[in-house]
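Chemist: Pasting a structure below so you can have a look.
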Amino acid sequence: MTASYPNLRLRRTRATGWSRALHRENLLTPADLIWPLFVTQGEGVEEPISTLPGVSRWSTDGIAARAREAVDLGIPCIALFPNTPADKRSDDGAEALNPDNLMCRAIKAIRDACGNDIGILTDVALDPYTAHGQDGLVDDAGYVTNDDTVAILVDQALNQAEAGADIIAPSDMMDGRVHAIRMALEMNGHSNVQIMSYAAKYASAFYGPFRDAVGSRGLLKGDKKTYQMDPANSDEALREVGLDIAEGADSIMVKPGLAYLDIVRRVKERFDVPVFAYQVSGEYAMIEAAAAAGAGDRDALVLETLLAFKRAGCSGVLTYHAAHAAKLLNG
Ligand code: PBG
């Protein structure tokens, strides 16, 4: 017999703090967080990003210091994005293959400072390196080509792995790149380097501040709709995820985050693979703007939104709020 009121009062278990703690279904800890960092040229440089209030680009020494901070806070992984100097951007994004580029120098600086106490995740896509801001090569008709781009992404991934990256995260949405990168890693002595595939990445309006941070917003012509997914689609996300798992992805990323928690849940229910979500730059900016406008309590908004990712089924969240959230969680 199913219980009903008054035998069943769902408020009973909510009446006290200890009881709410006892019945809590999901938990957010610093170990759930991946902290994205933007790398810039120079020494002792910190450049605030106006559309991402509270987030800065750091030169490699500052990146190493942030990584140390992450270890101390219990954050297990750092994600790196370079702000490539303008004179090193080109139509083919060749700087992505330079073993001495900002990304590789940052990886080495973190490794020197933290050893293997922290995971280093590196983004594979050409947009921080191209003069046109697209994630791949563009043909005469303005189309981002697939197979030629994949060949370069493979070399970009190998360059990052050689520098010491632990997790390769292709965020480009080209077809077939996970398989190509997995094969190249296997054949070049990097069989323990993981692939976290941005399998379901949408052509979203929430990426604006990120494009400021890596300096691609002003360069980008057109949009990314021929490779990133249509926000209207959900079944297609499952096809993307299934394909990337078959191609050798160790874990899956859904991006953006909050507006796509239904995708996280569907992926979690369908596949037995760890799922992560990227709470992207526009989401961060939205929370900061709401708090600055007095529309909500910043700390509470941060922790509630991050917990929502866990509830939806995420193993972890990539978020610009990582350090702040970890401090709150550590008390
Ligand atoms: C590069 C990339 C983007 C983001 C992460 N990797 C931008 C894009 O696809 O245009 C956006 C992340 C964010 O907004 O925080 N492909």
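The values are calculated or read from the model by the stated rules, or taken from the named source; none is laboratory data. Quick caveat, the model's predicted, so the values are computed rather than measured. Virtual Cβ from ideal backbone geometry, glycine too; neighbours counted across all protein chains shown.
Chemist: What number of residues within segment 55-65 are touching a helix residue (DSSP H, G or I) at 6+ places or on another chain (Cβ under 8 Å) and crowded, with 19+ Cβ neighbours inside 10 Å?
Modeler: Qualifying residue count for the region: 6.
Chemist: Among the residues of segment 122-145, write down those that are within 19 Å of Ile181 (Cβ to Cβ) and either hydrophobic (A, V, I, L, M, F, W, C) or away from the ligand (no atom under 15 Å from the Cβ) (or both).
Modeler: Val124, Ala125, Leu126, Leu137, Val144, Thr145
Chemist: Scan segment 93-114 for residues that are over 21 Å from Pro30 (Cα atoms) and either assigned to a helix (DSSP H, G or I) or within 16 Å of the ligand (Cβ to nearest atom) (or both) and report the count.
Modeler: 15
Chemist: Quickly run through segment 235-264 and pick out the residues that are touching a helix residue (DSSP H, G or I) at 6+ places or on another chain (Cβ under 8 Å), outside any helix (DSSP H, G or I) and more than 20 Å from Leu307 (Cα to Cα).
Modeler: Gly248, Ala249
Chemist: Here's something else I'd like to know. From the list Ala300, Ala292, Ala232, exactly one residue is surrounded by fewer than 22 Cβ atoms within 10 Å (Cβ to Cβ), more than 16 Å from the ligand (Cβ to nearest atom), in contact (Cβ under 8 Å) with a residue 12 or more places away in the chain and over 20 Å from the mean Cα position of the chain (by Cα). Which is it?
Modeler: Ala292
Chemist: Report every pair of residues separated by at least 6 positions or lying on different chains whose Cβ atoms are under 7 Å apart, first residue within segment 197-222 and within 17 Å of Pro48 (Cα to Cα) and near the ligand (Cβ under 8 Å from one of its atoms), second part of a loop (DSSP other than H, G, I, E, B) and modelled with pLDDT under 95.
Modeler: Gly208/Arg217; Arg211/Arg217; Arg211/Leu220
Chemist: Cβ-Cβ under 6 Å, sequence separation 6+ or interchain: first residue in segment 167-185 and on the phi > 0 side of the Ramachandran plot and in contact (Cβ under 8 Å) with a residue 40 or more places away in the chain, partner within 16 Å of the ligand (Cβ to nearest atom) and in a helix (DSSP H, G or I). Which pairs?
Modeler: Gly176/Val150
Chemist: In segment 30-39, is there at least one residue being surrounded by 10 or more Cβ atoms within 10 Å (Cβ to Cβ) and over 17 Å from Arg66 (Cα atoms)?
Modeler: Scanning segment 30-39, I find at least one residue that is surrounded by 10 or more Cβ atoms within 10 Å (Cβ to Cβ) and over 17 Å from Arg66 (Cα atoms), so the answer is yes.
Chemist: If I go through segment 265-286 residue by residue, how many of them are assigned to a helix (DSSP H, G or I), away from the ligand (no atom under 13 Å from the Cβ) and surrounded by fewer than 24 Cβ atoms within 10 Å (Cβ to Cβ)?
Modeler: Residues flagged as assigned to a helix (DSSP H, G or I), away from the ligand (no atom under 13 Å from the Cβ) and surrounded by fewer than 24 Cβ atoms within 10 Å (Cβ to Cβ) within segment 265-286 amount to 5.
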